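The structure under discussion appears below in the form of C-alpha cells.
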Amino acid sequence: MTIKDIARISGYSLGTVSRALNHQPNVSPAAREKILALAEEYGYEINANAQSLKQQNGRALLVIVKGRANELFFRLVEEAQLLASEARRPLLVDYIDEDDNEVRRALTLCREKKPQGILFFGGVRQNFQEEFHKIQVPAVLVTNSAAGLPFPGLSSVTTDDRAAARTAVSLMIQYGHREIAVIGGDPDKSEISRNRLEGCQQAIDGTGARLCRFAPSRFSFQGGYNAMEQILTEPGRQVTAVFAMADVMAIGAIRCLRDHNLRVPEDVSVVGFDGLPMGQFYTPKLTTAVQSAQELARASFQILQDAISGKNSRHITVPYSLAAGESVGQSPNL
C-alpha cells in the first residue's frame, strides 16, 4: 500500500492525502478521518516505517513549503510526490508559515532527517544569503531566482514575474481601466511580490492609468478578502480594476466585492496570478497569469536529481501565459 493507492481508494488528491498523513493543515475533518482510517485499514504505517529505513540510507528528498495556504504550492507538492514515486525516492514534506525562515528550518531538518537534496517551494533571497552556506546538500529554490547568489549547490526555477504581471495589468489597461489597485505580498520582504509590483508599474507607466491602491495580503483566500475590504473602505477615487498577485487572493477579493454588491467584471475587473485550475471553474471564470505547476515541479526535480549526481547548478525560467476568463471587462467609466 502506497500513498498513491490511498489517494486512488479515497478519491482525494495526493497533496490532500500527504497533508492528512503528515498531520498538516488545510485538510477537512471528513477527509482527514477517511484518509487516516484507510491508512490504518491497509497498514500504511508499515510502509511508512519502510520509507523511514530508506530515508536513513540517504535517498530521501526534503521539500520545504513556505506558506500553509498557498494553493500553487499544494499543486507543486502533488507533482513532486508523483515524480519522487517514479524515481523511487522517499519525499519528506514540511510546511512552514510564509513569514518563517525556510533556510533555518531546512538546517534543522537536515540534521534530523539527513536528506540527499532539498526543494524550496517559495523563499526569500535574503534568508539564503545569510545562512545557505551551512547547508551541505544540493537544493533548488522554486518560484524565485537564486541567480547571482554565491552558492554552487543552489539552483533555481522560476517564472518571469515582472513580465507576467506586466502582461496581466496591460490587459486591464486595454479595456480602458485607469484606476488600478494591486493586492499582494509585502514587496519589502518578498522578491516575488516586489517583481510583480514592478511589472504592474511598468505596464502603467506612460498610459494615463495609475496604480491608485496597494493593499498588502497574505497568499490566501482570506488575505485577498481582507485586502479588498481595505481598498473599498479607503476614501478616494473609484477603483475599477484589481490585480491580485495570486489566484487565491483574486478569488477572495471577488467574494468581498460581491458581499459589497459589486459585480465582476461589470463594476470591477479582477486578474489573478498562478493559473490554478479552480479559477477556471469559478464564477466568473478567472482571468489569470499562468505559471505551470507541472513545468515548475518537473524542471526543479530534474535539476535536483542532476545536482545530486554531480552536475552543476542551473537557474532557469519557465514560460508563462495569460488565460482569458470572464473576470475582466470594459471599464465602467468609458
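The values are calculated or read from the model by the stated rules, or taken from the named source; none is laboratory data. Source: prediction; values computed, not measured. Cβ atoms come from the backbone with ideal geometry, glycine included; neighbour counts cover every protein chain shown. Ligands, DNA and RNA are stripped out before the accessible areas are found, and what is left, the full protein with its side chains, is counted by its heavy atoms. Shrake-Rupley method; radii C 1.70, N 1.55, O 1.52, S 1.80 Å.
Of the residues in the stretch 276-289, at least one is at pLDDT 95 or above and farther than 26 Å from Glu78 by Cα. Each residue in the stretch 286-318 was checked for being open to solvent by 70 Å² or more (accessible area, probe 1.4 Å) and in contact (Cβ under 8 Å) with a residue 12 or more places away in the chain, and 7 of them qualify.
In the stretch 8-24, of all residues being outside any helix (DSSP H, G or I) and surrounded by fewer than 18 Cβ atoms within 10 Å (Cβ to Cβ), the one that is farthest from the chain's Cα centre (by Cα) corresponds to Gly11.
Of everything in the stretch 80-92 that is of a type outside the set (S, T, N, Q) and in contact with a Leu (Cβ under 8 Å, 6 or more places away or on another chain), the residue that is surrounded by the fewest Cβ atoms within 10 Å (Cβ to Cβ) is Leu82. Among the residues making up the stretch 185-204, those that are open to solvent by 10 Å² or more (accessible area, probe 1.4 Å) and part of a loop (DSSP other than H, G, I, E, B) are Asp186, Pro187, Asp188, Lys189, Ser190.
The residue pairs whose first member lies in the stretch 1-27 and is of a type in the set (A, V, I, L, M, F, W, C), whose second member is assigned to a loop (DSSP other than H, G, I, E, B), and whose beta carbons are closer than 8 Å, counting only pairs six or more residues apart or on different chains, are Met1/Tyr42; Met1/Gly43; Ile6/Tyr42; Ala7/Ser13; Ile9/Tyr42; Ala20/Tyr12; Ala20/Val27. Within the stretch 276-294, which residues are assigned to a loop (DSSP other than H, G, I, E, B) and touching a strand residue (DSSP E or B) at 6+ places or on another chain (Cβ under 8 Å)? Those that are assigned to a loop (DSSP other than H, G, I, E, B) and touching a strand residue (DSSP E or B) at 6+ places or on another chain (Cβ under 8 Å): Leu276, Leu286, Ser292.
There is no residue in the stretch 196-213 that is in contact with a Pro (Cβ under 7 Å, 6 or more places away or on another chain) and among the polar types (S, T, N, Q). I'd like to know if the stretch 321-330 contains one or more residues that are surrounded by fewer than 22 Cβ atoms within 10 Å (Cβ to Cβ), small (Gly, Ala, Ser), within 17 Å of Ile180 (Cα to Cα) and modelled with pLDDT of 95 or more. Yes, the stretch 321-330 contains a residue that is surrounded by fewer than 22 Cβ atoms within 10 Å (Cβ to Cβ), small (Gly, Ala, Ser), within 17 Å of Ile180 (Cα to Cα) and modelled with pLDDT of 95 or more. Scanning the stretch 68-79 for residues that are touching a Gly at 6+ places or on another chain (Cβ under 6 Å) and surrounded by fewer than 23 Cβ atoms within 10 Å (Cβ to Cβ) gives a single hit, Glu78.
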